[in-house]
Amino acid sequence: MSSPVSYRLEGNIGVIAVNNPPVNALSQPVRQGILDAITRAQGDESAAVLIICEGRTFIAGADITEFGKPFKSPWLPELLAAIEASSKLVVAAIHGTALGGGFETALAAHYRCAVPAAKIGLPEVKLGLLPGAGGTQRTPRLAGVRASLDLITGGVPISAPQGEKLGLIDKIVEGDLQAAALAWISELLANETAIRRSSEQAVPEFDPAIFDEYRSQLLKRARGQVAPGYIVDCIEAAASGSFDEGMAVEREAFTACMESPQSAGMRHIFFAERQAAKVEGLAKDTPKRSVQSVGVIGGGTMGGGIAMCFANAGITVTMIEISDEALQRGLAIVDGNYAGSVKRGKLSEEKARSCRGLISGSTDYAALADVDMVVEAVFEDPGLKKKIFKQLDAICKPGAILATNTSYQDVDVIAAATNRPADVIGTHFFSPAHIMKLLEVVRGEKTADDVLATVMSLAKTIRKVPVVSGVCYGFIGNRMLRPYGKTAQLLLLEGASPQQIDTAMEAWGMAMGPLRVFDLAGLDVGYKARQALSDEKKGDPKTYRVADLLVELGRMGQKSGAGFYAYDDNRKPTPDTAVDKLIETVADDLGVARRKITDEEIVDRLISALVDEGRKILDEGIAQRSSDIDVVYVYGYGFPVSRGGPMFYADQN
Ligand code: T1G
């Protein structure tokens, strides 16, 4: 099999070209090919060496698929040492995203050039790792301590121009990268530019207090994560000792992270997210419909957020409301969200203005006659949804995709209200829709393949993480939330307080404990749903009596200032003895003996409730694969990514 790395002379410059699609990952053949090429260059007539990549990006990292398997030489740090030791000038030319081991390879070169649109970064921390090939040692020597701490503990790529400002990129080149890089190398040679090895540079001056300052910051920002602390240790070693000593510290820290369950969980989610975007049995080349304009029915919190998702991706949006007053309220929600995004630095003023300019409104469905897709986002009233879909069926052009943003309703029943069930699909966004990344794509019985393929692709365009679900009550996430919530109610009656349950789950890693989640969502939501059910359908009163009594006392949760907790004006939760007394009374009424319950039991029973329902969802074919369920819970329900999702966690423990 031919090597993914080629070597040739362009004049007096040796060109090492990597061609390992899709992202030029540093697989063993790539590492071997680069090593062979740099070794060959030492003895040939080249005066300098260029490392460049074909395809869409410079090397995007070590080959993550090799992790956890027996190691095969050459070892990346050794390869990078050979590049840096080259007796001939070595230049890396960057396009696309030079990430992780890819950027470490560029750092081992003596100089780096990049096109303006290129990005560089060391995102290993997002995999529960740290740069394991000198990134924690070379970066501080070029960019200084603080920038390195920010770049490596944050793991967020930066632009090439930002990299140039930090001293990580030496030249931004325009036009054809290879031609510009070769011209620049010739210039360097003509100027007899000295070889500069980053490992030999001294770390620029820094305040030694920065390391402990950073460690205390991480206690909050990276709660429970292992890798960030190690990263600080490595950068501190770079700043206080020799390169070789620092490399030894980095090696030990990298091994510790690689062997951690956290990294296994985070790597699992990395691949699970990409796997979820693939629909079994759907041909990769299924034609997709063009979606350049979208209608959003409903200008509430969800409708406003959904409108922004599309506008932020450059798609024009028409928001429909029942009256001008409701429409103005809806557009005001959008304005408020954009102002918030600008205030938080998520969007520039200019970007916010251009996106907002793509959203218009109407109270007349006729405004939707030419849109390519409609997302219905009214409240969960099945009769109203069916009425709306009848109207859409009559008004929208043939081929328009009709999507419902329902959390629970039967998409097939909604589709049956139209004469075009093949064009109907569920798109379950999560609140706040312009921030939450998960999108459950609910495939109806008659949903056409091209409609599904279009929406799965569109999800990526609007920067969502799509997961396909079949039709059932609550789809994947909310269906699993029901036994989870019921178990929480039982634990309350059996003796655990709301704050004990929530504190135990948040200490375990959940972003928010179950009772705080229900207070946030509103206890009246479940109450209304239960009112529509017969006693038999409601199930065991132990699983809902407390919540119902709270609602009947006007305690709907955060929105009413009290639910399982009392809330101050800033919505800060405080345990409420009135709730404790109510729980005790209900336990007594229902004959539930109370006892001391350990945090371990709380975690075990609540996670088991999720996993057991997840297994049923898999058995029924509602979810395609167990890793899809993990993606749903990590991206939609605050499950800790370091534990890999409920199904992965259950398999590991
Ligand atoms: N290894 C193996 N496969 C990878 C890969 C990698 N590093 N990165 C991407 N892929 C696959 C991915 O699974 C998908 O496969 C396809 O490429 C397209 O990816 C020693 C230890 C580069 C920004 O963390 O962030 O280096 O599904 O869908 O949206 O210190 O991929 O098509 O079969 O994501 O255009 C550090 C991870 C590794 C970068 C492109 N590097 N990758 O995004 O495409 S650890 C990373 C990404 C390391 C060193 C350490 C993104 C991307 P398939 P995609 P994209």
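None of the figures in this text is laboratory data; all of them are computed from the coordinates on show. This structure is a prediction, so every number in the text was calculated from the model and none was measured. Note that we place each Cβ from the backbone using ideal geometry, even for glycine, and neighbour counts take in every protein chain shown.
Things to note:
- Dipole-positive endmost among Val442, Val411, Pro421 within segment 405-445 (Cβ charges, Cα centre): Val442
- With the simple spin-label model, which puts each label point 7 Å out from Cα in the Cβ direction, the Met512 to Asp207 separation comes to 3.6 nm.
- Once the C-beta distance of Val156 and Asp588 is scaled by a Förster radius of 45 Å, the resulting FRET efficiency is 0.25 to the nearest 0.05.
- Label-point gap, in nm, between Arg463 and Arg274 - each point 7 angstrom along Cα→Cβ: 2.1 nm
- What the Cβ-Cβ distance of Asn19 and Asn191 gives, at R0 = 41 Å and to the nearest 0.05, is a FRET efficiency of 0.85.
- Options Val30, Ala238, Asn20, ranked by Cα towards positive dipole end of segment 5-259, top entry (Cβ charges): Asn20
- Placing +1 on each Lys and Arg Cβ and -1 on each Asp and Glu Cβ, with no other charges, gives the chain a dipole about its Cα centre of roughly 760 debye.
- The residues neighbouring Phe243, those whose beta-carbon lies less than 12 Å from its own, together hold a net charge of -2 under the Lys/Arg +1, Asp/Glu -1 convention.
- Along each principal axis, Cα extent of segment 180-325, largest first, Å: 68, 49, 43
- Bridge type composition, the chain - antiparallel percent by DSSP, nearest 5: 30 percent
- Expressed as a fraction of 2.2 N^0.38 Å, the value expected for a compact globular protein of N residues, the C-alpha radius of gyration of segment 300-354 is 1.11.
- Spatial separation of Cα centroids for segment 4-82 and segment 89-140, in angstrom: 14 Å
- Loop-resident trypsin sites (Lys or Arg not before Pro) (DSSP state other than H, G, I, E or B) in segment 557-653 with no more than 16 further Cβ atoms inside 10 Å of their Cβ: Arg571, Arg594, Arg595, Lys596.
- In segment 1-86, chymotrypsin sites (Phe, Trp or Tyr not before Pro) in a DSSP loop with at most 16 other beta-carbon atoms within 10 Å: Phe67, Phe71, Trp75
- Prolate/oblate/rounded call for segment 477-621, Cα gyration tensor, a/c under 1.5 rounded: rounded
- For segment 1-92, a Kirkwood hydrodynamic radius built from all Cα pairs, placed in the Stokes-Einstein relation at 4 °C and 1.567 mPa s, yields a translational diffusion coefficient of 97 µm²/s.
- For segment 293-424, the Cα gyration tensor yields ellipsoid semi-axes of 26, 14, 13 Å (square root of five times each eigenvalue, largest first, whole Å).
- Only lysines eight or more places from Lys165 in sequence, or on another chain, were considered; those with a Cα closer than 27 Å are Lys88, Lys119, Lys126, Lys343, Lys346, Lys351.
- Sequence-distant contacts, meaning Cα pairs under 8 Å at least 6 residues apart, place the relative contact order of segment 456-592 at 22 percent.
- Alpha-carbon geometry of segment 5-259: the Rg and the Dmax are 17.3, 55 Å, given in that order.
- Normalised by the number of residues in the chain, the mean separation of alpha-carbon contacts (under 8 Å, six or more apart) gives a relative contact order of 9 percent.
- Other residues within the sphere of radius under 10 Å centred on the Cβ of Glu164, judged by their own Cβ, net out at +2 (K and R +1, D and E -1).
- Intensity falloff of the chain expressed as log10 I(q)/I(0), Debye formula with alpha-carbon point scatterers, at q = 0.08, 0.10 Å⁻¹: -0.71, -1.04
- The lysines within cross-link reach of Lys397, meaning a Cα-to-Cα straight distance under 17 Å and a gap of 8 or more places when in the same chain, are Lys288.
- Placing unit charges on the Cβ atoms of the charged side chains and taking the dipole of segment 477-621 about its Cα centre, the candidate lying farthest along the positive direction among Pro573, Ser497, Val551 is Val551.
- A simple spin-label model places the labels of Asn570 and Asp244 5.4 nm from each other, with each point 7 Å out along Cα-to-Cβ.
- Estimated FRET transfer efficiency (Ala179, Lys538; beta-carbon r; R0 60 Å; 0.05): 0.25
- The trypsin sites (Lys or Arg not before Pro) of segment 289-371 that DSSP puts in a loop, and whose beta carbon has at most 15 other beta carbons within 10 Å, are Arg344, Lys346.
- Residues of segment 412-443 with amide N under 13 Å of a point placed 7 Å along Cα→Cβ from Ala394: 418-419
- For the chain, the mean residue ellipticity at 222 nm estimated from helices alone is -14500 deg cm²/dmol, where every DSSP H run of n ≥ 4 contributes -39500 (n - 2.57) and the total is divided by all residues, rounded to the nearest 500.
- Spatial separation of Cα centroids for segment 375-451 and segment 197-258, in angstrom: 50 Å
- Stretch gain in nm, segment Leu490-Gln217, where the contour uses 0.36 nm per residue and the Cα spacing is subtracted: 94.5 nm
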